[in-house]
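Q: Quick one: the structure is below, and I'll ask about it shortly.
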């Protein structure tokens, strides 16, 4: 899974019917210090997240699991809101 | 899912039989400001998009879902036309 | 799907038995102007392509679809020969 | 599979119900000399690893295999603790 | 599939039970001239390869195919030893 921040959402009138009623979030991937890295991507939301929140998301076929038994055509889905990240003190020394 | 703009299409006489009659779009991936990023890719079209339109597409096995029950050998498919992108005002401050 | 040019092939005496009799092409990924990008990769051939031809290929699990019902262990397969690429005149202006 | 070091963990109150009770590790991918490369990622743990340990992890759908028959929505999972890496003496000469 | 050279192996006492007795190779991806590119990765071996050999490997779910009907949690597997690479003379001119 990757870490990201919710930076907005994508509005689409014309879309695959199975995406109707599903909010399409815009995510900015971040590193462990919260700095942005890579390009923004679109993802569905399995837990109910708000704009600006730090989240983690899953990619590939697993992104459709939260919508079982519906087969939703998505390759990215937010699975959780991050409260905080524990960085182990020893990690810097390795 | 990724954001992209439709920049053309690919014409193929010789191709896998299951792709017969399916338009192969050429996409340029874009970031949240609409600027191009990465290399162009080819994708099928599940919603009917036009040249120059801003769209989002899905990759991997999910790209074949819109053609169920046919098993189409594709790893990229356009799923929606983007009307506009809402960037949250708070995102800049994080 | 990605665009590529066939730049050669890979000869292997020792290989997984299900690849016996299957030509393993060497591909160089290209962009929409035909310029090479990224590293060469090996792929199977579902349509019969020749050296030097511009093709498109599929990756991931979909690469095994053309060989159904055989389960071929491949993650890249050529699906079509590109006759030409139509670049929309409007794309430069976006 | 990729090599990584466990650099911490991610704490989430709000998450997909199937992730309840599962520790979410933060990994830093490393090369064969132990130097960090790429961005940190989040992963589940199938073997019980500690902070600072060098591990290998699997991605994509295979990351859910260790939790069979439960279908866990994850795309990264730690599969083993690395005792040491044997680099072949001949590899430098090729 | 990608090209790589076997540069060593990874020793793990603690690992997922389904990997018991399976050698975990360390691979260095190479380009068509044999030069290294990208980061080393770990992979299983379906054909029996030796250290220093030039091989090709498959990624994603296909990497578990050679072990059917066992469901092995791996996302990379060596499928063949490369005897030599034929580069087509015309490829330089395109």
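Taken together, the values in this text are just the output of simple stated rules run on the coordinates, not laboratory data. Not measured: the values here are computed from a predicted model. As a convention, Cβ positions derive from the backbone with ideal geometry for all residues, glycine included, and neighbour counts pool all protein chains shown.
Q: Two decimals is fine: what's Rg over Rh for segment D:2-60, C-alpha atoms, Kirkwood radius as Rh?
A: Working: Rg = 11.8 Å, Rh = 12.1 Å.
My calculation puts Rg/Rh at 0.98.
Q: In nm to one decimal, list the spacings between the residue D:21 label point and its equivalents in the other copies, with label points set 7 Å along Cα to Cβ, shortest first.
A: So the label point of residue D:21 gives 3.1, 3.1, 5.0, 5.0 nm to the other copies.
Q: Given the options C:80, C:52, C:38, state which has the largest fluctuation in a GNM of chain C using a 10 Å cut-off (strictly under) for Cα springs.
A: Most flexible of the set in this elastic network: C:38.
Q: Now a separate question. Principal axes first, then extents: for the Cα atoms of the protein assembly as shown, list largest minus smallest coordinate on each axis, whole Å, largest first.
A: 57, 57, 36
Q: Could you work out which residue, out of B:58, B:11, B:78, moves most in a Gaussian network model of chain B, that is, has the largest mean-square fluctuation with Cα springs under 10 Å?
A: Result for chain B, Cα springs under 10 Å: B:11 fluctuates most.
Q: So how far, in whole Å, is the C-alpha centre of segment B:1-64 from the one of segment C:37-63?
A: Centre-to-centre distance over Cα atoms comes out at 18 Å.
Q: Of C:31, C:45, C:16, which has the largest mean-square fluctuation in a 10 Å C-alpha GNM of chain C?
A: Sorting by GNM fluctuation, first place goes to C:16.
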